[in-house]
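The values are calculated or read from the model by the stated rules, or taken from the named source; none is laboratory data. These numbers come from a predicted model, not from an experiment. We place every Cβ from the backbone using ideal geometry, glycine too, and count neighbours over all the protein chains shown. Only protein heavy atoms, including side chains, enter the accessible area calculation; ligands, DNA and RNA are left aside. Shrake-Rupley method; radii C 1.70, N 1.55, O 1.52, S 1.80 Å.
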Amino acid sequence: MASRIPLQLVLNRIKSRGSVRCFGTVTEGIASPTASSRHLIDLEHDYSAHNYHPVPVVFSHGKGSAIWDPEGNKYLDFLAAYSAVNQGHCHPKIMKALIEQAQTLTLSSRAFYNDKFPVFAEYLTKLFGYDMVLPMNTGAEGVETALKLARKWGYEKKRIPKDQAIIVSCCGCFHGRTMGAVSMSCDNDATRGFWPLLPGQLKVDFGDAAALKKLFEEKGEYIAGFLFEPIQGEAGVIIPPDGYLKAVRELCSKHNILMIADEIQSGLARSGRMLACDWEGVRPDVVILGKALGGGVMPVSAVLADKDVMLCIQPGEHGSTFGGNPLASAVAIASLQVIQDEKLAERSAEMGEELRRLLTKTQQTFPEIVMEIRGKGLFNAVELISKSLFPATAYDLCIKLKERGVLAKPTHNATIRLTPPLSISLDEIREGAKAFHDVLEHDLPKLVKEKPKPTSPKAQDTCDRCGRELYG
């Protein structure tokens, strides 16, 4: 039951912040659909943990690639919730599946069977060519599942000595922010203050097949799995050299090590292929899916593997109350069908080519500002030259993009990801690219001139693991 709030406190709040109406009454702490963006941002600041630094825009309504704030301002979404909204906001087929299933049955837990998860399991495994799926909710849960699965397989099938199993991951990786995931991270913000990290982790440079070969030769008998992103997202859309994925497959097969692909961001058509691993025609032993598997409607993740790996997990050893729930299963089926029916992988490849073409023209106009344009499909990033931005940052440029009606988010100080919904139109691609060009032409010179310079230069951040400079 809600606690009673003194009337004077309510009146004071109204006086200081403005009236907040909810179903015709003034209610403390409950924002109505008419609440302003400023008020909602203040509410979140006051009542939510400060574990994010958002661009100051409030999503109130979404459709396709467009977002509207409470004041009715329209924006183009060039982040797509970190690839969770590949199909576009509130896709009608996905919403229909959500509503119909929500009115029938939402949760059974895995203590019982339900009539939707088996259908989803068959659909997903046949679509990607694996024997079995283990359903979870968030991407981070999918990663934790894969880590446990690899260790269990390592002890049971590979016969790694007790408590000596190793997971190898890549420098610059991002696999979530749970303890298992951050124990592999090179991001000091993700690890500082959370030590001791989990043991049994080794690192290797992403894209360096020779270094991976050396590590496998030295430690291979203890290595259960190699976990990697086929394209590193949080690191700034880093694409490995041609042939790297094939080399990984060959090395993992040779040394009897599970090849574990984190396709949470790069998969489900984002890179212009159904999986980013498809660019080199390789089949990982384990695939982790998430984000767009839920169609931007709800969290759904899944781990795919064949029986010789998956059946290492037995009842009671891993699970999730909500994993495989009927609502998520119905939504996931619809989400996958939309990707297939609307040929979003092909669309991503086509639109991505056009976006990079336009961004490259901007780079040619501002070579002293833009270091590199990179990407596959609609998984793209612009890396800027920090010294040319100073004292501004990529975040400042994203604020200016927002003012021009385009929403994007930086990763690190000088890189901006551009990853719109795969349903985006050609005109919207051009509008977003023009906004970026205009920010560099008109807004950046003012930022550099007007933004106060720090009194002392910021020290270069170095990795706590290896001492190398981070994201210079």
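Going by the conditions given, is Glu372 without any contact (Cβ under 8 Å) to a residue 40 or more places away in the chain, assigned to a strand (DSSP E or B), closer than 28 Å to Trp279 by Cα and open to solvent by 40 Å² or more (accessible area, probe 1.4 Å)? Here the answer is yes, as Glu372 does meet what is asked. Against the test of being touching a helix residue (DSSP H, G or I) at 6+ places or on another chain (Cβ under 6 Å), modelled with pLDDT of 95 or more and either of a type in the set (Val, Ile, Thr) or surrounded by fewer than 24 Cβ atoms within 10 Å (Cβ to Cβ) (or both), the options Ile257, Ile231 yield a single qualifying residue, Ile231.
Can you find even one residue in the range 129-137 that is small (Gly, Ala, Ser), free of Cβ contacts under 8 Å to residues at least 12 places away in the same chain and out of contact with any strand residue (DSSP E or B) (no Cβ under 7 Å at 6 or more places or on another chain)?
Scanning the range 129-137 turns up no residue that is small (Gly, Ala, Ser), free of Cβ contacts under 8 Å to residues at least 12 places away in the same chain and out of contact with any strand residue (DSSP E or B) (no Cβ under 7 Å at 6 or more places or on another chain).
Just checking, does the range 273-291 include any residue being open to solvent by less than 10 Å² (accessible area, probe 1.4 Å), outside any helix (DSSP H, G or I) and among the basic types (Lys, Arg)? Within the range 273-291 (the criterion being open to solvent by less than 10 Å² (accessible area, probe 1.4 Å), outside any helix (DSSP H, G or I) and among the basic types (Lys, Arg)), the answer is no, since none of the residues qualifies. For the range 193-218, name all the residues that are open to solvent by 70 Å² or more (accessible area, probe 1.4 Å) and in a loop (DSSP other than H, G, I, E, B). If the condition is that a residue be open to solvent by 70 Å² or more (accessible area, probe 1.4 Å) and in a loop (DSSP other than H, G, I, E, B), then Gly193, Phe194, Trp195, Pro196, Leu198, Pro199 are the ones that fit. Considering Gly236, Gly225, Gly267, the condition of being assigned to a strand (DSSP E or B), surrounded by 15 or more Cβ atoms within 10 Å (Cβ to Cβ) and not basic (Lys, Arg) is satisfied by Gly225 alone. With the requirement that a residue be more than 21 Å from the chain's Cα centre (by Cα) and either free of Cβ contacts under 8 Å to residues at least 24 places away in the same chain or open to solvent by 40 Å² or more (accessible area, probe 1.4 Å) (or both), what does the range 394-424 give you? Within the range 394-424, Lys400, Glu403, Arg404 qualify.
Name every residue in the range 126-162 that is surrounded by 18 or more Cβ atoms within 10 Å (Cβ to Cβ), aliphatic (A, V, I, L, M) and closer than 16 Å to Ala332 by Cβ, in order of residue number. Hits for the range 126-162 are Val133, Leu134, Met136.
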